[in-house]
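Chemist: My structure is below; once you've seen it, I'll send some questions.
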Amino acid sequence: MTLTILIATYLEPELVARIEAAAPGLTVINRPDLIGQPRFIADHTAPVTRTPEQEAEWRSLLAQADVLFDFDPLYGENLPEMATRLRWIQATSAGIGKYVERMRYAERTSWVFTTASGVHARPLAEFALMAMLMFAKDYGYLQSEKAAQHWARYCGGELSHKTAAIIGLGKIGQEVARLAKAFDMQVIGTRRDFSRPTPHVDQLVPQDQLLDVLSKADYLVLAIPHTRETGGLIGAAELAALPHGAVLINVARGAVVDQPALIEALRSGHLRGAALDVFETEPLPPDNPLWQMPNVLISPHSASTAPSENAKIVDIFCENIRRFQANTPLMNVLDVEKGY
């Protein structure tokens, strides 16, 4: 099977060469001059600026493509009309369900979407464990003491025997569980499919018993996809169910949490703190109270980004090219009905 692949996001030249060598019959079009220039390693949201002549050339390339590596950054709703030969999009993110739904691609095309599921599990899990350790060791206190140049011995906490409650035990959640167990934590959590093995978890609880899970959480880690069912999943009642002094860590999507309710729970002191990689509105507006809260760690939706990211995504893509040509099931196919 011959395939024309258009790379719509920056990849290092050696990774482009790896795609070119993945299988026979490939035409790989890589035009870094027509796409956004990365501001950091594995930047897949770089702004794009083209001259009218470059724009016409890019549209011509879209019309030739059978496969896109990443979504086109400028043409969302118009992409089906421009990429008339397109059959498959390989995403650079795991959480593409809401975007595909918003663009109505499933209704308008027969495209297959494959995600980067699993690629970001380790860096996101490390972010979650970093946050747990920062609160356990009272990093905020240490910083304030350093600023005051004040030396006074104190007693920090530890993670051993604390409970990590993980909402969403997919690849990210399971990696959080694995690292948490290395610190001798008690791990409980929820997942939709109980038939799959879930290692490193002491107690698996159905989603409809969420409040029971929350009531035991010293650290609540949200690693669940944003779907119709999970929007606003953690609201005022759920935050109130957490023990006094709990810490919320969100590496899922901002829409999973009622942000005003979270701010109130932090202001009241019911929550000890929060570590947030995702927000209801991104970038986080300058007047948002979260910026001024010393007990809130803010990450600009970057906890998943690591130097190894592009290579890992290309590994998935190359395997899927071979499978696509052989007409065998692809890895990481998005279920457009479930949204993940």
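The values are calculated or read from the model by the stated rules, or taken from the named source; none is laboratory data. Predicted, not measured: the structure shown is a model, and the values here were computed from it. When we count neighbours, we look across all protein chains shown, and the Cβ atoms used for this are built from the backbone with ideal geometry, even at glycine.
Chemist: Going through segment 131-154 one residue at a time, which ones are surrounded by 10 or more Cβ atoms within 10 Å (Cβ to Cβ) and assigned to a loop (DSSP other than H, G, I, E, B)? Reasoning before the result, please.
Modeler: Going residue by residue through segment 131-154, those that are surrounded by 10 or more Cβ atoms within 10 Å (Cβ to Cβ) are 131-146.
Selection gives 137, 138.
Chemist: Can you tell me which of (1) out of contact with any helix residue (DSSP H, G or I) (no Cβ under 7 Å at 6 or more places or on another chain); (2) within 28 Å of residue 116 (Cβ to Cβ) is the one residue 279 doesn't meet?
Modeler: Failing condition for residue 279: (1).
Chemist: Check 34, 61, 26 and return the single one that is aliphatic (A, V, I, L, M), within 27 Å of the chain's Cα centre (by Cα) and not assigned by TED's automatic domain parsing to the domain that holds residue 229. Explain how you work it out, then say what you get.
Modeler: Numbers: 61 fails: within 27 Å of the chain's Cα centre (by Cα); 26 fails: within 27 Å of the chain's Cα centre (by Cα).
That would be 34, the only listed residue that is aliphatic (A, V, I, L, M), within 27 Å of the chain's Cα centre (by Cα) and not assigned by TED's automatic domain parsing to the domain that holds residue 229.
Chemist: Would you check if there is a residue in segment 330-338 being in contact (Cβ under 8 Å) with a residue 40 or more places away in the chain and closer than 25 Å to residue 249 by Cα?
Modeler: Yes, there is a match, as at least one residue in segment 330-338 is in contact (Cβ under 8 Å) with a residue 40 or more places away in the chain and closer than 25 Å to residue 249 by Cα.
Chemist: What residue, among those in segment 256-272 that are out of contact with any helix residue (DSSP H, G or I) (no Cβ under 6 Å at 6 or more places or on another chain) and hydrophobic (A, V, I, L, M, F, W, C), is surrounded by the fewest Cβ atoms within 10 Å (Cβ to Cβ)?
Modeler: 266
Chemist: So how many residues does segment 158-185 have that are surrounded by 13 or more Cβ atoms within 10 Å (Cβ to Cβ) and either more than 25 Å from the chain's Cα centre (by Cα) or not in a helix (DSSP H, G or I) (or both)?
Modeler: Narrowing segment 158-185 to residues surrounded by 13 or more Cβ atoms within 10 Å (Cβ to Cβ): 159, 162-181, 183, 185.
Subsequent filtering for residues that are either more than 25 Å from the chain's Cα centre (by Cα) or not in a helix (DSSP H, G or I) (or both) retains 159, 162-170, 183, 185.
So the count comes out to 12.
Chemist: Only residues that are farther than 20 Å from residue 335 by Cα, hydrophobic (A, V, I, L, M, F, W, C) and either outside any loop (DSSP other than H, G, I, E, B) or in contact with a Phe, Trp or Tyr (Cβ under 6 Å, 6 or more places away or on another chain) (or both): list them for segment 80-90, please. Explain how you work it out, then say what you get.
Modeler: The first filter runs over segment 80-90 and keeps only residues farther than 20 Å from residue 335 by Cα, leaving 81-85.
Filter again for hydrophobic (A, V, I, L, M, F, W, C), leaving 82-83.
Across segment 80-90, the qualifying residue is only 82.
Chemist: Among the residues of segment 218-255, what is the count of those that are buried (at least 23 other Cβ atoms within 10 Å of the Cβ) and of a type in the set (A, V, I, L, M, F, W, C)?
Modeler: Total satisfying the criteria: 13.
Chemist: Just to check your reading of the model, which residue among 307, 329 is exposed (fewer than 14 other Cβ atoms within 10 Å of the Cβ), at pLDDT 95 or above and farther than 30 Å from residue 140 by Cα?
Modeler: Working: 307 fails: farther than 30 Å from residue 140 by Cα.
The conditions single out 329.
Chemist: Could you check how many residues of segment 5-28 are touching a strand residue (DSSP E or B) at 6+ places or on another chain (Cβ under 7 Å), outside any loop (DSSP other than H, G, I, E, B) and surrounded by 17 or more Cβ atoms within 10 Å (Cβ to Cβ)?
Modeler: 7
Chemist: Could you please find all residues in segment 29-47 being crowded, with 16+ Cβ neighbours inside 10 Å and in a loop (DSSP other than H, G, I, E, B)?
Modeler: Those that are crowded, with 16+ Cβ neighbours inside 10 Å and in a loop (DSSP other than H, G, I, E, B): 35, 36, 38, 42, 43, 44.
Chemist: Listed residues 315, 287; which is surrounded by fewer than 18 Cβ atoms within 10 Å (Cβ to Cβ), without any contact (Cβ under 8 Å) to a residue 40 or more places away in the chain and assigned by TED's automatic domain parsing to the domain that holds residue 91? Please lay out each step first, then the result.
Modeler: On the way: 287 fails: assigned by TED's automatic domain parsing to the domain that holds residue 91.
The match here is 315.
Chemist: Next up: Any chance you could count how many residues in segment 260-282 are under 25 Å from residue 121 (Cβ atoms) and either out of contact with any strand residue (DSSP E or B) (no Cβ under 6 Å at 6 or more places or on another chain) or touching a residue at least 40 places away in the same chain (Cβ under 8 Å) (or both)? Before the answer, list the steps.
Modeler: If we filter segment 260-282 for residues that are under 25 Å from residue 121 (Cβ atoms), which is where we start, we get 262, 273-280, 282.
If we keep only those that are either out of contact with any strand residue (DSSP E or B) (no Cβ under 6 Å at 6 or more places or on another chain) or touching a residue at least 40 places away in the same chain (Cβ under 8 Å) (or both) as well, we get 262, 273, 275, 277, 279-280, 282.
Matching residues across segment 260-282 total 7.
Chemist: Would you check which residues across segment 70-99 are under 22 Å from residue 50 (Cα atoms), among the aromatic types (Phe, Trp, Tyr) and crowded, with 20+ Cβ neighbours inside 10 Å and list them?
Modeler: Listed by number, the list holds a single entry, 71.
Chemist: Another question about this same structure. Of all residues in segment 230-287, count the ones that are among the β-branched types (Val, Ile, Thr) and either closer than 15 Å to residue 210 by Cβ or touching a Cys at 6+ places or on another chain (Cβ under 8 Å) (or both). Step through it out loud before you land on a result.
Modeler: Narrowing segment 230-287 to residues among the β-branched types (Val, Ile, Thr): 230, 234, 247, 249, 251, 256-257, 263, 278, 281.
From the residues that got through so far, the ones that are either closer than 15 Å to residue 210 by Cβ or touching a Cys at 6+ places or on another chain (Cβ under 8 Å) (or both) too are 230, 234, 256-257.
Within segment 230-287, residues that are among the β-branched types (Val, Ile, Thr) and either closer than 15 Å to residue 210 by Cβ or touching a Cys at 6+ places or on another chain (Cβ under 8 Å) (or both) number 4.
Chemist: Going through segment 22-46 one residue at a time, which ones are within 12 Å of residue 11 (Cα to Cα) and of a type in the set (Lys, Arg)?
Modeler: Correct list: 31 only.
Chemist: Moving on. Could you list, in sequence order, the residues of segment 207-257 that are in a loop (DSSP other than H, G, I, E, B) and among the charged types (D, E, K, R)? Step through it out loud before you land on a result.
Modeler: As a first pass, look at segment 207-257 and keep what is in a loop (DSSP other than H, G, I, E, B): 215-218, 223-233, 235, 242-245, 251-253.
216, 218, 228, 229, 253 - these are the residues of segment 207-257 that are in a loop (DSSP other than H, G, I, E, B) and among the charged types (D, E, K, R).
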